[in-house]
1. Can you pull out every residue in region B:31-56 that is part of a helix (DSSP H, G or I), within 14 Å of chain D (Cβ to nearest Cβ) and surrounded by 15 or more Cβ atoms within 10 Å (Cβ to Cβ)?
2. Within region D:235-254, track down each residue that is within 13 Å of chain C (Cβ to nearest Cβ) and either within 16 Å of ligand 1 (Cβ to nearest atom) or polar (S, T, N, Q) (or both).
3. Of a type in the set (D, E), within 11 Å of chain B (Cβ to nearest Cβ) and either more than 23 Å from C:L60 (Cβ to Cβ) or in contact with a His (Cβ under 7 Å, 6 or more places away or on another chain) (or both) - does that describe any residue in region D:344-356?
4. Quick check, is D:G230 closer than 18 Å to D:I115 by Cα, within 12 Å of ligand 1 (Cβ to nearest atom) and in contact (Cβ under 8 Å) with a residue 24 or more places away in the chain?
5. Could you tell me which of the residues C:N52, C:N48 is surrounded by fewer than 18 Cβ atoms within 10 Å (Cβ to Cβ) and closer than 30 Å to B:L110 by Cα?
6. Restricting to region D:281-295, and then to whatever is within 13 Å of D:E70 (Cα to Cα) and away from ligand 2 (no atom under 16 Å from the Cβ), can you tell me which residue is surrounded by the most Cβ atoms within 10 Å (Cβ to Cβ)?
7. Give me a count of the residues in region A:1-25 that are of a type in the set (K, R) and out of contact with any Phe, Trp or Tyr (no Cβ under 6 Å at 6 or more places or on another chain).
8. Given (1) without any contact (Cβ under 8 Å) to a residue 40 or more places away in the chain; (2) more than 7 Å from chain D (Cβ to nearest Cβ), identify the lone condition not met by C:F271.
Amino acid sequence: MESIQQKQDQIIEEFNFFQDWSEKYQYLIDLGKTLPEFAENNKIDSNLIKGCQSKVWLNSSFNDNIIIFEADSDAIISKGIISLLVKVFSGHKPEEILEANINFIEKIGLDSHLSQTRANGLLSMVKQIKIYAIAYQAKQ
Amino acid sequence: MESIQQKQDQIIEEFNFFQDWSEKYQYLIDLGKTLPEFAENNKIDSNLIKGCQSKVWLNSSFNDNIIIFEADSDAIISKGIISLLVKVFSGHKPEEILEANINFIEKIGLDSHLSQTRANGLLSMVKQIKIYAIAYQAKQ
Amino acid sequence: MIDVYKIREDFPILSKKINNTDLIYLDNAATSQTPIQVIDAISDYYKNYNSNIHRGLHSLSVDATNKFEETRLKVKEHFGIAHTHEIIFTSGTTHGINIISSGLEKMISSKDELIVSEMEHHSNIVPWQMLCEKTGSKLKVIPIKDDGTLNIDEYKSLLTPNVKFVFINHVSNTLGIVNPIKEIIDLAHANKSQVLVDGAQGAAHFKINLSELDVDYYVASAHKLCGPTGVGFLYGKSDLLNSLPPYQGGGEMISNVTFNKTEYADLPHKFEAGTPNIAGVIAFGSALDYMNSIGFDNIESYEKTLLDYATESLKKITNLKIYGDIEEKISVISFNVGNHHPSDIGSILDQFGIAVRTGQHCTQPIMDRFNIPGTVRASFSFYNTKSEIDLFVDAVKKASKMLG
Amino acid sequence: MIDVYKIREDFPILSKKINNTDLIYLDNAATSQTPIQVIDAISDYYKNYNSNIHRGLHSLSVDATNKFEETRLKVKEHFGIAHTHEIIFTSGTTHGINIISSGLEKMISSKDELIVSEMEHHSNIVPWQMLCEKTGSKLKVIPIKDDGTLNIDEYKSLLTPNVKFVFINHVSNTLGIVNPIKEIIDLAHANKSQVLVDGAQGAAHFKINLSELDVDYYVASAHKLCGPTGVGFLYGKSDLLNSLPPYQGGGEMISNVTFNKTEYADLPHKFEAGTPNIAGVIAFGSALDYMNSIGFDNIESYEKTLLDYATESLKKITNLKIYGDIEEKISVISFNVGNHHPSDIGSILDQFGIAVRTGQHCTQPIMDRFNIPGTVRASFSFYNTKSEIDLFVDAVKKASKMLG
Ligand SMILES: Cc1ncc(COP(=O)(O)O)c(C=O)c1O
Ligand SMILES: Cc1ncc(COP(=O)(O)O)c(C=O)c1O
């Protein structure tokens, strides 16, 4: 299993190939479409992330000291973005997540190409992921 | 008895002699000081004119078809101004007062040399004088 | 007629670049842009006669007071109001509505009923819900039909003797639909109900005469009328305003203060507690001047041309659905494309430098009515051009294609 | 130290002529003048990113939202506030006080007592009188002594167990006296009473740390702090603000609206209904930056020099009486000369191009206390000079001579 940093570097490399924002958006949209189905009964208010104009749900489970994230959104670009986050964070220990330095978002220029409301939504997502990590760490 | 217009013309002529605002103010102050005493028991709320920062009282009496005005103020410049008004309007018939075209205020430059709050106060005074005239005319 | 390219020169923001392309501003229903004349009026105030008003004896204060009161006169003239003291300056539509909703607290009881419509902005819903909660009175809702218009037959049957007030927007900010407010007012008056019209969207697009409308209360915001943020006005018939208690306590709104007894000042001051947005009110006057110099008739007919052109062009896009596509509307188009989330369309449009609004537009009940998460809303103003609309329609097509 | 002549170049209005002489602006307690940096911030907003905030997805809206929220951060830093959500933007001090007075309606009963002081601005009296009228609670008044200061012994004896709230100004706008608010707050807290401080005059003249003060609520206006008109802020401890009902209903302040149930948004939005004064809030941030670039320590010590100089010079005038001539004060001098009516002095000073305020300064109880119709109030700011004070004192002498 790759580390969180390795996964970020991979994403950064991928995005380096894109010429302009439309390719980035197209990639996010495609990612959004391929994100695995999210169980309808997990679309509950307690999984909803505040601060996004679209609805974003984030669910997590904890097994063998490892957190698995699943996510969904009713907007496809949000779904693409959160699928990046799931890719980066899912399958890691709480400690790893808490220690991780999240830099791929700026590096791939998402923060400037996403409107800030989206970027804030993204921040909320990262925050929520870290909150889960803290909670599971406490459980250990 | 001179007409209202004649009295206004007289005032305009007097003010023509003044070189600057300070002479005009000095004149108003002196006028204010020489305005006859106003009976304390006439200093009642119903005689008070709204719209002045200082208190201005205007009292009137009606005899032989003629209105006599008396006025007072706790500020001396206001008192000077209202003494001009009393001079112009007192001793006239309601009709004369209602028909009169009041132009001396601008002509002597009082409206530009008085701050507008004062000028508004002055307008309130003229308005009050006309209201008295209307009331007495109705009584006839 | 309108020389739109000449007009655009008055708006510095319109030559701005967004994401390296020209800004195309189609979010006019949220806030209008500001011509240089209005911006200059604000600077002029602060550079030449900034001063607190009404109580001052010195020249600056006198100038500021006079200019401030001049706007009241302009509002009176422009909106066909009988008396200047029937105009209360507010910080915006929301503030104006809340002055009334708070004022009615003591005048409404649990037997009374209030009517709003399903297409109201939250600002014209929540204050009445709060009022009902405090007084126990009942809020009834005029439903909207599938085409987005009000169901006037339903309105008539809701108008029972217990109905004390009707709260209705002149124009829907989401659908652009112009409501038949004259009819609504006349029906209400025949029922002895009073009417407050939320004119946030109405005031900006055509000329209205409040005396002829015979409306009881009317509220609007300057920032939708080429004016500054933080300013609006409330019109009320003077006997009604006189019968309401003051809203806020403070300076200006009193004539006499002792610890035993405080007397309130006359209208309009009774409702204008504290130092107002002096620069803003003065600039609002300039905004009215500006719009009148262009002419509301010209604005109305030009915006209608833009609306028709945009509606036709958009309709050619497969799966594009417009909400409230009727004849009687201002230049606002709310739509969705297929099942794409409005925020997806909006984000992509932003990359093209096109500013539209997406979401619920503070009208959640409309979204619930049509069972959608939101819409993309493009709203045009007299400074928009047909070629902007072409670029916009083209971008919607591209966005839809990208989203697949 | 302050280079006053350099600073004056930032203020376009200070080079204005009034009645053919240079303007001498000594009405700073009513409203402060506005530096070009703040004026430019307003223009910049309208020229470059005017847009409605918070709900927008497009770039302009994002820029406007970020700049708006930046001011909240600046207020937090400047006033030593723990959390940004404890800061509510208002249209001014009066609005802030009324948010609280309206919010307390349901929390106060006829057994409760409230305390104000005899030196309050009407804005910090009338709302509490209105609250008492609605709730039947009792308003008690801390008297002032002959020297203008609060009678703290009386305050202590008024602080009985029934006292729920104390409302007090930080600095008297009429007398310039700085109240011992730390002591007042600590005494109140020991009595389990909450304290609202009216900081309209305090915030502009020295730096304060609200966390250290441990004050429950604090309100101020931007227009007294080199900022624009129509903006202010309310600070409240978050648990207290959370416990209050919302003030106005409208957009922004809700998270969910249906006709069955409406949920209010979290702080600070719960209290910020409707489109705010966006340009104004952003310019308020620039005003704080500007004043901090000069430095509040510098401002405080320079203004003290002006105050001492003016006080000494005025005292040499026969029959001139200063109200509140004590050590702990800001640069405000209220006075009368003999029996001359303050408006007579003020009118003559205006002819000399000198702007002072005359009258009751919205503090009628102070006038009643000293049995005077009003005062002449000269208030100095960090951009005033000693030579302006010389001209002012000279003009007072001349006025007094003219009046005889
Ligand atoms: C002490 C004090 N409180 C309250 C106010 C009211 O402030 P505003 O008019 O900005 O609401 C003022 C300003 O005159 C003041 O000096
Ligand atoms: C129909 C309608 N009502 C009320 C409002 C609220 O106006 P403001 O935010 O200026 O108070 C708006 C503006 O969004 C609106 O469009």
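1. B:L31, B:G32
2. Selection gives D:Y247, D:Q248.
3. For region D:344-356, residues of a type in the set (D, E), within 11 Å of chain B (Cβ to nearest Cβ) and either more than 23 Å from C:L60 (Cβ to Cβ) or in contact with a His (Cβ under 7 Å, 6 or more places away or on another chain) (or both): present.
4. No: the conditions fail for D:G230.
5. C:N48
6. Step by step, filter region D:281-295, then rank; the result is D:A283.
7. Looking only at that region, the number is 1.
8. (1)
The values are calculated or read from the model by the stated rules, or taken from the named source; none is laboratory data. Just so we're clear, the structure is a prediction, and the values are computed from it rather than from any experiment. FYI the Cβ positions are ideal-geometry reconstructions off the backbone, even for glycines, and counts take in every protein chain you see.
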